[in-house]
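Enquirer: Have a look at this one before I ask anything.
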Amino acid sequence: MKDIGILNEIKRLKSLADVGLLYCKNEYDKERYLELQQISLNLFAEVSGTSREDLTCIFPPAKDYPTAKVDIRGVMISADKKILLVQESVDGKWSLPGGWADIGFSPKETIIKECKEETGLDVIPDRLLAVFDKKMHPHPPQPFYVYKMVFYCRELTTEITKGFDVLDVDYFAFDNLPTLSEDRILSSQIKLLVTKVLEDDYEVYVD
């Protein structure tokens, strides 16, 4: 957790350097912000174990004010009280259906699209359950600063068809979850989300 806290501070440092480079008016300031940017990348590589070359690809030069990325996920619970998960092709572990928010799609439209693509199911988002700030939870370190929106969705269809970008789709008992893709979801978060659904708790959890 200590390294994660340091990594969040490094992300903040890089964001300040990026904003400075966008809006600086003279060469003196540009030189200083470039140095801060390089320092932040060096620290980032040291703490995260990511190479400088990979970081250069991950972080192209900022062309606009840096903002948090948004990840949108859906919770679907079967009649026999099991939760629907997808097996991620990236790491072979399991997560809630969903992904990055798409430009041109509202949050609800995004989760409808993601659920259809990954599971073959038509769903309707019933309500927003939670907005997680990933820095507030023990996720593994990652380059981006991320907010996670999770919707409770009702299935309009029942036939599951695995999407091309996932390895498998299945329902699991709440007390017998598979190995989770913790970059995407944690068991503690699933417990919170499932409890809100089963107890008809309509208050949105927000970090």
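Enquirer: Which one of 43, 85, 179 has its Cα pushed farthest toward the positive end of the charge dipole of the chain, where Lys and Arg give +1 and Asp and Glu give -1 at the Cβ?
Expert: Positive-most Cα among the choices belongs to 43.
Enquirer: Which value, in debye to the nearest 20, gives the size of the charge dipole of region 2-58 about its Cα centre, when Lys and Arg are +1 and Asp and Glu are -1 at the Cβ?
Expert: Here the size comes out at about 180 debye.
Enquirer: Where does the charge balance sit around residue 131 when Lys and Arg score +1, Asp and Glu -1, over other residues with C-beta under 10 Å from its C-beta?
Expert: -1
Enquirer: FRET efficiency for residue 34 and residue 67, Cβ-Cβ distance as r, R0 = 25 Å, nearest 0.05?
Expert: 0.70
Enquirer: For the chain, compute Rg over Rh where Rg is the Cα radius of gyration and Rh is the Kirkwood radius from the inverse mean 1/r over Cα pairs.
Expert: 1.03
Enquirer: Sort out the exposed loop GluC sites (Glu not before Pro) in the chain (DSSP loop, at most 10 other Cβ within 10 Å) and tell me the longest stretch that has none.
Expert: Result, exposed sites excluded: 1-158.
Enquirer: With +1 on the Cβ of every Lys and Arg and -1 on the Cβ of every Asp and Glu, and nothing else charged, how large is the dipole of region 69-206 about its Cα centre, in debye rounded to the nearest 20?
Expert: The calculated dipole for region 69-206 is roughly 320 debye.
Enquirer: Next question, about the same structure. Can you tell me the length gained on complete extension of the stretch residue 91 to residue 127, counting 0.36 nm per residue apart and subtracting the Cα distance?
Expert: Going from the current span to full extension adds 10.0 nm.
Enquirer: Between residue 167 and residue 82, take the C-beta separation as r, use R0 = 22 Å, and let me know the FRET efficiency to the nearest 0.05.
Expert: For R0 = 22 Å, the calculated efficiency reads 0.75.
Enquirer: Looking only at trypsin sites (Lys or Arg not before Pro) in DSSP loops with at most 13 other Cβ atoms within 10 Å, what is the longest site-free stretch of the chain?
Expert: Value returned for the longest uninterrupted segment is 82-207.
Enquirer: On each of the three principal axes of the Cα atoms of region 24-131, give max minus min coordinate, whole Å, ordered largest first.
Expert: On the principal axes, region 24-131 reaches 63, 30, 22 Å in Cα extent.
Enquirer: Related question: Give me the dipole magnitude in Debye, nearest 20, for region 72-135 about the Cα centre, with unit charges on the beta carbon: positive for Lys and Arg, negative for Asp and Glu.
Expert: 260 debye
Enquirer: Using DSSP to define loop residues, name the chymotrypsin sites (Phe, Trp or Tyr not before Pro) in region 106-207 whose beta-carbon has at most 13 other beta-carbon atoms within 10 Å.
Expert: Those that pass, being in a loop and sparsely packed, are 144, 164, 202.
Bear in mind these aren't lab numbers, they're just calculated from the coordinates by the rules spelled out. Remember, it's a predicted structure, so these values are computed and weren't measured experimentally. Every residue, glycine among them, receives a Cβ derived from its backbone with ideal geometry; neighbour counts consider all protein chains shown.
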